[in-house]
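Asker: Would you mind keeping the following structure in view while I ask a few things?
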Amino acid sequence: MSESRASVHASAVRVGNRAVLIRGPSGAGKSRLAFDLIMAGRTGVIDKTVLVGDDRVYLATVGNEIEVRSVPVLAGLIEVRGLGLRRCDFVERATVGLVVDLAADDAERLPASEALFTRISGVKIPRIPVGVSFSPVPLVVAALTTAESLPSVNPSADCLKGNGNHIKPTIATE
């Protein structure tokens, strides 16, 4: 296992058995997205969701996966704008299954396939680039609850836009 010595500026929640790592500049909404996902998990919109860490987390390479860990001094604390720091349930670590990049320069309506992945310490992880003026919650919920459409052998037979109707597993279905 290799571990960085410094924490990274990010938030993370565990959804089901995988973590969503939320990155972005200060003020981009990392804490808000983490809290919104926790609430979505409580209401059953997505699998049970629990905080891993807010504002600062550690990342470690474990085999062929990236593990996110809470920073002990911040464990169980999340910033809720307008209320300040609040305490909530948390887990100390989880395996990263999805990265959300807020205020991403490469966010597009129909992103190129290479924009939908990132590498952390050489490990390829699914990624959602989110533009500054777009709400990330629907994108993350869609990524966790739907499957990607794959191009079919005969795209014109499926629809005029060329989208296939085949199902491919997502982190929510693995």
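Since every read-out is calculated from the coordinates, none of them should be taken as a lab result. Because the structure is a prediction, the values reported are computed rather than measured. Every residue, glycine as well, gets a Cβ built from its backbone with ideal geometry; the counts of neighbours run over all protein chains shown.
Asker: Scan V71, V20, V52 and give me the residue that is touching a Leu at 6+ places or on another chain (Cβ under 6 Å) and either surrounded by 13 or more Cβ atoms within 10 Å (Cβ to Cβ) or within 18 Å of A142 (Cα to Cα) (or both).
Answerer: V20
Asker: Hey, I22 hits all of (1) in contact with a strand residue (DSSP E or B) (Cβ under 6 Å, 6 or more places away or on another chain); (2) not in a strand (DSSP E or B) but one; which does it fall short on?
Answerer: Evaluating I22 over (1) in contact with a strand residue (DSSP E or B) (Cβ under 6 Å, 6 or more places away or on another chain); (2) not in a strand (DSSP E or B) leaves (2) as the failure.
Asker: Give me the residue from segment 40-61 that is of a type in the set (A, V, I, L, M) and more than 15 Å from the chain's Cα centre (by Cα) and, out of that set, farthest from A19 (Cα to Cα).
Answerer: In this case the residue turns out to be V45.
Asker: Then there's this: When you check R86 against the structure, is it more than 23 Å from T118 (Cβ to Cβ) and either assigned to a strand (DSSP E or B) or out of contact with any strand residue (DSSP E or B) (no Cβ under 9 Å at 6 or more places or on another chain) (or both), yes or no?
Answerer: Judged against the criteria, R86 is a match.
Asker: Could you pull out the residue among V130, V141, V96, V123 that is touching a helix residue (DSSP H, G or I) at 6+ places or on another chain (Cβ under 8 Å) and under 17 Å from R23 (Cβ atoms)?
Answerer: Checking each option against the conditions leaves just V130.
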